[in-house]
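Written out below as structure tokens is the structure these notes cover.
Bear in mind that the values in this text are calculations on the coordinates, not laboratory data. Everything numeric here is computed off the predicted structure, so don't read it as measured data. No Cβ is skipped: glycine too gets one built from the backbone with ideal geometry, and neighbour counts run over all protein chains shown.
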Amino acid sequence: MSTKLVIVESPNKVRSIAGYLGDDFEVEASVGHIRDLPQPSELPATMKKGPYGKFAVDVEDGFTPYYVVNPDKKKTVAQLKKALKGADELYLATDDDREGEAIAWHLLEVLKPTIPVKRMTFTEITREAVTRALASTRELDTNRVDAQETRRILDRLVGYEVSPVLWRKVRQGLSAGRVQSVATRLVVERERERMAFVSAAYWGVEARLTTVLSPVDATAREAASFTARLATLDGRRVATGRDFQDDGQLRPAALKASAVHLHEVGARAVAEAIERGEPRVAGLEEKPYRRRPAAPFTTSTLQQEASRKLRMNPRETMRVAQGLYENGFITYMRTDSTALSGQAVAAARTQVAELYGAEYVPSSPRLYASRSKGAQEAHEAIRPAGDHFRTPAQVSSQLTGAQFRLYELIWKRTVASQMADAVGSTATVTVEVPLTAARGESRDAGPTFSLAGLTASGTVITFRGFLAAYEEGRDAERYEDAPAAKEEKEARLPSMISGQELAPLGVEASGHETTPPPRYTEASLVKALEEREIGRPSTYAATMSTISDRGYVDHRGQALVPTWLAFAVTRLLEENFAELVDYDFTASMERDLDRIAAGEEDRVAWLTRFYNGQAPDAGSPETASALTAQGLKGLVAGLGEIDARAVNSIEIGEGVTLRVGRYGPYLEDAEGKRANVPADVAPDELGLDKARELFARAADDGRELGTDPATGHTIIAKDGRYGPYVTEVLPAPEAAPEPEAASGAAKKRTARKAAGPKPRTASLLKSMDLSTVTLEQALDLLSLPRVVGQDPESGQDITAQNGRYGPYLKKGTDSRSLETEEQIFSITLEGALELFSQPKRRRGQSARGPLRELGTDPASGRPVVIKDGRFGPYFTDGETNVTLRRDDDPATVTPERAYELLAEKRAKGPAKKRTTRKTTAKKTTAKKTTTKKAPAKRTTATTTATKSDDS
């Protein structure tokens, strides 16, 4: 019987796809990329001094990469080769994108199959989709492979040429990736705008008016009331927040229109005059209202909306979406297309009719075009999988927590995208009030206004349409009077006619201040990158993680606050690698990769121009810039001397400078005095007043709390860079005589000895205050870590302590987070042992109760429960964990089934360590030819190494 081998990327897909294909097929997983560019230090000794030595890429011979099988993939490759021996056909079913195409190519290069090979792709893991994919296989797309490999080599060249400059001039361990550097610059530029921002004060007036003139019927007067905002005075527009520039001055357009800038005195006078006046309806305007639904999700819009509505960061969103895709709930989650297949449109329209009624189905299907010029249309938008969508109610027993919430969001967006418009009407009323003795433009004096104009508007939704299923979220707006901020709220105005008299119920003048531009959130930063066509859907989550992990941004709620380190890195790049952080230039590189993927550009020629340079009039117009004229290689070689002190300095004013030092940022004044900058002070908060406060705090020797009875040392409380803390004051050590002919090392040892022991220090708990902390509390803090007791099984001490990420327990190398800082002093040995008996949770993950309790396992005598874990529901008895099989429903699975699977897992025992034997055989490299081939074939020539791809 013939056997067909199918290789997919993720092991989570294997079981379901194998079930759809039948017994003639064997399904295996590559578990992502099997090969990668090694670090130059990992190259064979004979290659370290050759052309591959700097990048693991031969930049002198067609930018040939040197790939090696990843150490953790050698076992996978061996399994795939074994499976291939008994197969008659090979189907490469990796993801249908550039990365997936490259993985398929690497599999071919390593496995070297001698049987027929077919490329099989699908965008959802359902029986219908897999069956369709099997019937419509294709050849490997070598242009896509070229594009992915070019991106990989490009990132290696940029990172390895630029990052060492950061190491020398800013700090070790930094990186300068192509997209992450631009993302960091965006965040830093926004903070610079906030730092330069000057607030402007302005006043406005709101009046509560009613159409019922008689004061007798208070209920009727209130029912017929509405709120109107002061818009004009004597026909001149009253200035609002958006009329002011970031320097606090009125915009030229507002000055040209003679806009009235109301201050407090004038606003209160106008309010009093309106309250005394006789309002009258000056005009009514009614317009039809119609609103279309948003397009189905792309990768970036899913990340944005999940951030707004579910408070999920892009990395978590993509992790959860990956699980939904692999388990057959949604289509492929990496796409920048908003198009839906014919089957999906039909499924959505059918479901709208079933759930909401035929009137909610538009007369013709809605078609959405991608806004991005470089959008790749290979995939659909992200939608529920299948030719008939499962409702959230139908999957509620199979999905829990974040998976269910994300599926529900995708389902709502998809269904709403094929629903009818929301319709209604918007009415706007203009009210005029004659004024008497109202002063305006100045605090002390100003013109007398004779007529005030007020406006009010309201929208009445007569047919909700798609709003019955879903409404798109919005990012925070800068101006409170922005149209988006008060987006078509359903508000009904009372019936009125032109010339009708109104009565004021109350008039209020209120002061406002303009606000600086809002900081980026991860969602709005993804949106900004997408709008500039920088990066790709699959890269955004990794970019957000990288700029956070590298210490370039801190999170304040959802806002991204750039660190001073990010300021230093961005300044160095702007001054020395301007085009690498230029938004248009970075976007042009993405378009170049698109042309390579389409077969319109040769990868070797493009990389040669980028790295070695070209004549100014040659090559593609999108990349004809100073960088490509000189080339990255020439740019780095011609940098000259960079003033590291200048790069790491930011002027605050009046001789005060912030410097980014090895141990963090600090302030230095003209006299050389220094003060640490606390980590919780954002750059836009560090003005001269704050700087003076920090200098004064640095000069403070701390508050004396008392004497430690055990040591006799004085205990003080101080404020430091990382917040308030307590410490002991040690007596000054006696100076030791220095040997006459002491060596440098001897002098250092003598200096260390003379310095004496370091004082004990401890940060205050969040519940403590620097001004009220007591000696007893300080001594408790200085006694940490506290020994809770000993583990009866291992004999190891269990300690409770406070760390960078909060309170935790430690036992050897194992640790568990505590819920509160107070538990450090109160938790018992019994409580600690209970925590260690539970599976370890990721940082920030709250403890969750079991999904179900199944009873006591007869074999182990332990209670068995079902819990929701990172990879889905699992059985556990506290010692052994087993993931539920795909056909096991957490709500209905029997206890006997759990006992059976746990017994099987125990019988297997712990996984054995695999030992490998070194061989002396030469490695071989598959070297790609530089001549363009037909899209259906890709030829390689044997060279002297093995090959891989990096991300």
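So the values come out like this:
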read-out	value
J(HN,Hα) series, the range 342-348, from Karplus relation 6.51 cos²θ - 1.76 cosθ + 1.60, nearest Hz, glycine and proline x	x, 5, 5, 4, 4, 5, 5
Neighbourhood charge, 14 Å Cβ-Cβ cut-off, centred on Asp701 and excluding it, Lys, Arg +1 and Asp, Glu -1	-1
Exposure proxy ranking, count of Cβ atoms within 10 Å, fewest first, for His555, His106, His512	His555, His512, His106
Amide hydrogen neighbours beyond the local backbone of Gly720, cut-off 5 Å, H modeled	Tyr725
Shape of the range 648-699, Cα gyration tensor, a/c cut at 1.5	rounded
For the range 901-907, Karplus couplings with θ = phi - 60° (6.51, -1.76, 1.60), whole Hz, Gly/Pro x	5, 5, 5, 4, 5, 5, 5
Added length on full extension, which subtracts the Cα-Cα distance from 0.36 nm per residue, Glu264 to Arg852	205.4 nm
Ascending count of other beta-carbon atoms within 10 Å, so fewest first, for Trp167, Trp105	Trp167, Trp105
FRET E, pair Arg208, Lys82, Förster distance 60 Å, beta-carbon r, rounded to 0.05	0.15
Amide H partners (placed H, <5 Å) of Arg334, local residues excluded	none
In nm, spacing of pseudo-spin labels at Lys54 and Val216 (7 Å Cα→C-beta vector)	9.5
Across Lys73/Lys118; Lys54/Lys810; Lys287/Lys412; Lys75/Lys905; Lys48/Lys74, pairs whose alpha-carbon gap is larger than 32 Å	Lys54/Lys810
Residues in the range 230-252 reached by a label modelled at Thr515 [backbone nitrogen below 13 Å; 7 Å Cα→Cβ]	241-242
Residues Leu340, Leu262 arranged by fewest to most Cβ contacts within 10 Å	Leu340, Leu262
Label-to-label distance, nm, for residues given as Ser41 and Ser860 (7 Å Cα→Cβ offset)	4.0
R0 of 35 Å, Cβ-Cβ distance Ser548-Glu671: FRET efficiency to nearest 0.05	0.45
Pair Arg591, Ala196: separation of 7 Å Cα→Cβ label points (nm)	2.7
Using θ = phi - 60° and Karplus 6.51 cos²θ - 1.76 cosθ + 1.60, couplings along the range 6-21 (whole Hz; Gly, Pro as x)	10, 10, 10, 7, 9, x, 5, 8, 4, 4, 5, 5, 4, x, 6, 7
Cβ-derived FRET efficiency at R0 56 Å, Phe695 paired with Tyr368, nearest 0.05	0.45
Long-range HN-HN contacts of Ala29 with modeled amide H, under 5 Å	Val8
Extension gain, Glu600 back to Arg897 (0.36 nm per residue minus Cα-Cα distance, nm)	101.2 nm
Stretchable slack from Thr761 to Glu508, in nm (0.36 nm times residue separation minus alpha-carbon distance)	85.7 nm
